[in-house]
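Below: the structure, in structure tokens.
The values are calculated or read from the model by the stated rules, or taken from the named source; none is laboratory data. From a predicted model like this one, the values you see are computed outputs, not experimental measurements. Methodologically, a virtual Cβ is constructed for each residue, glycine included, from the backbone with ideal geometry; neighbour enumeration extends over all protein chains shown.
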Amino acid sequence: MNQMKPNSTSLRMFFVMFFIAFPVFVTVNLVYRNSSFGLFEGFSEGKEHRGTTQNVTTLQNVTHDNLGREGDSNSVSSKLGGGVKELQERSQSHKGRTKNITAAHGGSRTASLRSSTNDSNSHIANLDDNEKLLSGLLTSGFDEASCISRMQSHFYRKASPHKPSQYLISKLRRYEEIHRRCGPNSRSYHKSMTKIQHSKNKGVATMCKYLIWTPANGLGNQMIDLVATFLYALLTDRVLLVEFGKDKHGLFCEPFLNSTWELPQNSPFWNEKHVQTYQILLEKDKATNSTAELPSVLFINLQHTRTDPEKFFHCDHNQHVLQNIPLLILQSDQYFVPSLFMNPFFNLEITKMFPEKDIVFHHLGRYLFHPSNEAWELISSYYQQHLAKGNELIGLQIRVFSPNTTPQKSIMDLVLSCMLKHKILPEVDLQTLASSARKNQRVKVVLVASLHGEYGENLRAMYLKKHTVSGEVIQVYQSSHEEHQKSYDNKHNMKAWIDMYLLSLSDKLVTTSLSTFGYVAQGLGNLKPWLLYRLINNETGFPSCEKDFSSEPCYHVPPKHYCNGNPMKDFVSSFPYLRECKDFRFGVKMVNNSI
Ligand code: GDP
């Protein structure tokens, strides 16, 4: 017995230590995995992005409206930080902040936020499932805390008038099942991938087929291309895997239930360079009229310029060949949905999935892109602190494609001419100086998204301490100004994602022609934007902006030939649901109406 004593004491000690250490380990691990301090440093202390920090501080902390009233002085940084528990607490306290905002302004936007955030602590759980699952677009069963935005986005965005079709819903549920069965970590994944790897250059039949998405260009380009790639995966029963580098770490939640869409880092196909290309396959096909020797892996580059050789990706014959290749690696920066629509088989499927043809991005974008908890904390707190205050939110995206040849003033003149002419913003009243606030004034909040801080500052200065002729109060905010586009930079991408998402919450949107950054915002938000003329120097004599006819992104480089090799001249007569884009006459986009 005596001999036993030390053992039972150590056992007890072990259990005591275990029960203390295990929860601590789990908590620390969760906090670490969900921590956001990297970005917050950038936003609040300026350790890495000094320009941005200064800008955020200037525009957020000292936001005067046009009556000279000082705005909200809470800096974003003071609201940020922490792990999952804190995020959840904040999401509960969301209703408190919203109530204050509502009491102060009583605006329509805050009213809708208020009505969706009732007094019960379990308000998220009690929400109408149909509303939070976007009328069946999203599936239930996700761990809500792992992706708060998935359940809260409808607080912030107006309910979409477009309901997903039953056919689209059934396709998505079927896809999720295939992804769960064949996705990373599944037995089928390992079996199929091993087979593919061992027979890279000769054909093989596998249980599951894959489509690896690889990034090209800026985040907007990548997102529109990812939606097109996902549609292609849906149409071809392939499992979509994304090659997300560190630059996209922590931007999005996982979209597919009980699986991951990220290509595992240890996959032999990560950054794979030594595989046959689609172009070579096309040449072989043309030369020998035979594709008997098919590889197991094929790289397809659809990132074409207008001078590239024709890809014939929309043609039945080519799709038939591709169908027999188990792993496709696809690179594009284009929204190539219209080219899928040109294929007779895909056309039937797309038409069944999307009886309204001009909302493909709206549905698939909202299905795929949910801000991660880290991104959501930044988005929701910025929205509540600044944007929810108004009766109307106006998004203004100013993309300067040629900063060296386009004078800032020309761009500002263009922006103002568009916004004043279309009564998106009121003129300032130059006669009367604002001395005091009037009661019950309508507040318009403008969110400026640009790499350059001057545009937000100029607009804010214009409405500062001035009445407007309409009597409306104009408040201007800009969440960041990065000055330059950066590649493969996680914090930079996070700011871009935040801007795109916030813009998508607007009531009215003004974007820059040809910018895919704007396309993402308009598509998510189901907004038909006013397209600012794309200035490349200080030319004049053009309409400053035109209203777009659909929220779909424009496909900038559609096929140039029919499958028989004849040049494709008139899209509209061949494909009644395609139209020339307003912002780029060589591009096409889907419309709902064939007339
Ligand atoms: P596009 O070049 O306008 O079609 O849009 P992309 O998103 O493909 O590439 C532009 C990139 O520049 C973005 O992804 C951002 O990294 C950056 N950028 C451009 N405009 C803005 C902006 O308004 N806000 C932020 N945060 N980043 C921007």
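Exactly one residue out of ALA233, ALA216 is closer than 21 Å to VAL520 by Cβ and within 16 Å of the ligand (Cβ to nearest atom), and it is ALA216. Mind checking which residues of the stretch 258-303 are among the hydrophobic types (A, V, I, L, M, F, W, C) and surrounded by fewer than 12 Cβ atoms within 10 Å (Cβ to Cβ)? Across the stretch 258-303, the qualifying residues are ALA287, ALA292.
For every residue, the table says whether it meets (1) within 21 Å of the chain's Cα centre (by Cα); (2) surrounded by fewer than 20 Cβ atoms within 10 Å (Cβ to Cβ).
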position	(1), (2)
TYR488	yes, yes
TYR501	yes, no
ASN537	no, yes
SER551	yes, no
PRO558	no, no
HIS561	no, yes
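The sole residue among LYS409, LYS444, LYS495, LYS465 that is surrounded by 20 or more Cβ atoms within 10 Å (Cβ to Cβ) and more than 22 Å from LEU251 (Cβ to Cβ) is LYS444.
Within the stretch 200-211, can one find any residue that is assigned to a helix (DSSP H, G or I) and of a type in the set (A, V, I, L, M, F, W, C)? No, the conditions are met nowhere in the stretch 200-211. Do we have SER402 as over 20 Å from ARG534 (Cα atoms), modelled with pLDDT under 95 and part of a loop (DSSP other than H, G, I, E, B) here? Against the criterion (over 20 Å from ARG534 (Cα atoms), modelled with pLDDT under 95 and part of a loop (DSSP other than H, G, I, E, B)), SER402 does not qualify. Of the residues making up the stretch 476-486, those that are of a type in the set (Asp, Glu) and surrounded by 20 or more Cβ atoms within 10 Å (Cβ to Cβ) number 1. Being near the ligand (Cβ under 8 Å from one of its atoms), under 24 Å from MET412 (Cα atoms) and polar (S, T, N, Q) is the requirement here; does THR511 meet it? No, not satisfied. Picking from residues in the stretch 447-462 that are away from the ligand (no atom under 11 Å from the Cβ) and surrounded by 21 or more Cβ atoms within 10 Å (Cβ to Cβ), the one that is nearest to ILE411 (Cα to Cα) is LEU459. Filtering the stretch 575-591 to residues that are assigned to a loop (DSSP other than H, G, I, E, B) and among the hydrophobic types (A, V, I, L, M, F, W, C) leaves PHE575, CYS581, PHE584, PHE586, VAL591. Using the structure shown, decide if ASP413 is more than 16 Å from the ligand (Cβ to nearest atom), out of contact with any helix residue (DSSP H, G or I) (no Cβ under 7 Å at 6 or more places or on another chain), outside the structural domain of THR229 (by TED's automatic domain parsing) and assigned to a helix (DSSP H, G or I). Answer is yes for this residue. I'd like to check something: does the stretch 373-389 contain any residue that is within 16 Å of the ligand (Cβ to nearest atom), of a type outside the set (Ser, Thr, Tyr), in a loop (DSSP other than H, G, I, E, B) and within 17 Å of GLN222 (Cβ to Cβ)? Looking for residues that are within 16 Å of the ligand (Cβ to nearest atom), of a type outside the set (Ser, Thr, Tyr), in a loop (DSSP other than H, G, I, E, B) and within 17 Å of GLN222 (Cβ to Cβ), one finds none in the stretch 373-389, hence no. Taken as a whole, the structure places SER332 among residues that are within 16 Å of the ligand (Cβ to nearest atom) and in the same structural domain as ALA216 (by TED's automatic domain parsing).
State whether one or more residues within the stretch 346-354 are more than 23 Å from PHE571 (Cβ to Cβ), surrounded by 18 or more Cβ atoms within 10 Å (Cβ to Cβ) and touching a residue at least 40 places away in the same chain (Cβ under 8 Å). For the stretch 346-354, residues more than 23 Å from PHE571 (Cβ to Cβ), surrounded by 18 or more Cβ atoms within 10 Å (Cβ to Cβ) and touching a residue at least 40 places away in the same chain (Cβ under 8 Å): absent.
For the stretch 564-581, the criterion of being within 15 Å of the ligand (Cβ to nearest atom), at pLDDT 95 or above and under 17 Å from VAL446 (Cβ atoms) is met by none of the residues.
Residues of the stretch 531-543 that are farther than 20 Å from GLY218 by Cβ and either within 14 Å of the ligand (Cβ to nearest atom) or touching a strand residue (DSSP E or B) at 6+ places or on another chain (Cβ under 7 Å) (or both): TYR533 alone. For the stretch 522-530, the criterion of being within 14 Å of the ligand (Cβ to nearest atom), assigned to a helix (DSSP H, G or I) and closer than 29 Å to THR405 by Cβ is met by at least one residue. Of all the residues in the stretch 222-255, those that are part of a strand (DSSP E or B) and over 14 Å from the mean Cα position of the chain (by Cα) number 4. Taking (1) touching a helix residue (DSSP H, G or I) at 6+ places or on another chain (Cβ under 6 Å); (2) under 30 Å from SER146 (Cα atoms); (3) not in a strand (DSSP E or B) in turn, LEU340 satisfies each apart from (2).
When ILE498 is tested against the conditions (1) within 9 Å of the ligand (Cβ to nearest atom); (2) in contact with a Gly (Cβ under 8 Å, 6 or more places away or on another chain), the lone failure is (2). Condition check: modelled with pLDDT of 95 or more, closer than 16 Å to CYS581 by Cα and surrounded by fewer than 24 Cβ atoms within 10 Å (Cβ to Cβ). Does LYS508 satisfy that? Answer is no for this residue.
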